[in-house]
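Below is one structure; the comments refer to it alone.
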Amino acid sequence: MYSTTDFRKGLKIEVEGTPYEIVEFQHFKPGKGGAMVRTKLRNILTGRMQDITFRSGDKVDRPDLETREMQFLYRENDALIFMDMTTYEQLEMDSAGAGGKDGFLKDGQQCKVLLYRGKPLDIDIPASLVLTVTETEPGAKGDTVSNVTKPATLETGLVIQVPIFVNAGDKIKVDTRSREYLGRE
């Protein structure tokens, strides 16, 4: 169990059976009575923000969260199929729960999966990945105006904007948080 004195940004707690992540917290003392802790929490299951005030010294539970090293196997309709690297057990995750990170997953790729009570909840992928461009329009010769971009389809099926000089078959580095082109490899 955690006490309100253990609260810090990013700490994951469980309140009334629901897992939350602390986004902000502030200790304060009203004119009379004991100290309080105002928190802004993000529901880990739904992503909704919620404000909850605790009394100083209140106890909250630790959520049943676990991170495991897994291998992405394939997509099946709206599901992502992962394999646990230690038990070889296959787990299915709804692609909507991946928060758009599924666009960076290649078959056979290693990643960390956050589990809540044994069910996949979130994927942890590196901040940048090197991916191959499979389809894009050829750049016009002599077209070197800066900041001109064109759409490019990557090997995972994701479409991002790239500079005009990038061609099909090029390996490029992509920022997974902003989905921006970082450079050629």
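Across every pair of non-identical alpha carbons in region 87-185, the mean reciprocal distance, once inverted, gives a Kirkwood radius of 15.0 Å.
Net charge near residue 136: determine it from the other residues with C-beta under 9 Å of the C-beta of residue 136, scoring Lys and Arg +1 and Asp and Glu -1.
Values: positive: 150; negative: 135, 137, 170.
Net of charged neighbours comes to -2.
Given in Å, the Rg to one decimal and the Dmax to the nearest whole number for the Cα atoms of region 48-144 are 19.1, 68. The peptide list 122-133, 42-53, put in order of mean Cβ contacts within 10 Å with the highest first, becomes 122-133, 42-53. All other residues whose Cβ lies under 14 angstrom from that of residue 35 are scored, Lys and Arg at +1 and Asp and Glu at -1, for a net of +3. When the alpha carbon coordinates of region 1-67 are projected onto the principal axes, the ranges are 41, 22, 19 Å, largest first.
For the cross-link pairs 9/40; 9/59; 101/171; 106/171; 119/173, the ones whose C-alpha atoms lie over 21 Å apart are 119/173.
Sorted from greatest to least, the principal axis extents spanned by the alpha carbons of the chain come out as 74, 44, 25 Å. Neighbours of residue 14 by Cβ distance under 10 Å: Lys/Arg scored +1, Asp/Glu scored -1, total -1.
List the relative contact order of the chain as a percent without decimals, with contacts defined as Cα pairs under 8 Å and 6+ residues apart.
Details: 397 pairs, mean separation 24.9, N = 185.
In percent, rounded to a whole number, it is 13.
Of the chymotrypsin sites (Phe, Trp or Tyr not before Pro) found in region 14-113, the ones in coil according to DSSP and having at most 10 other Cβ atoms within 10 Å of their Cβ are 88.
Read-outs: derived from the displayed coordinates by stated rules, not from any lab. Note that the structure is predicted; figures quoted are calculated from it, not measured. Every residue, glycine among them, receives a Cβ derived from its backbone with ideal geometry; neighbour counts consider all protein chains shown.
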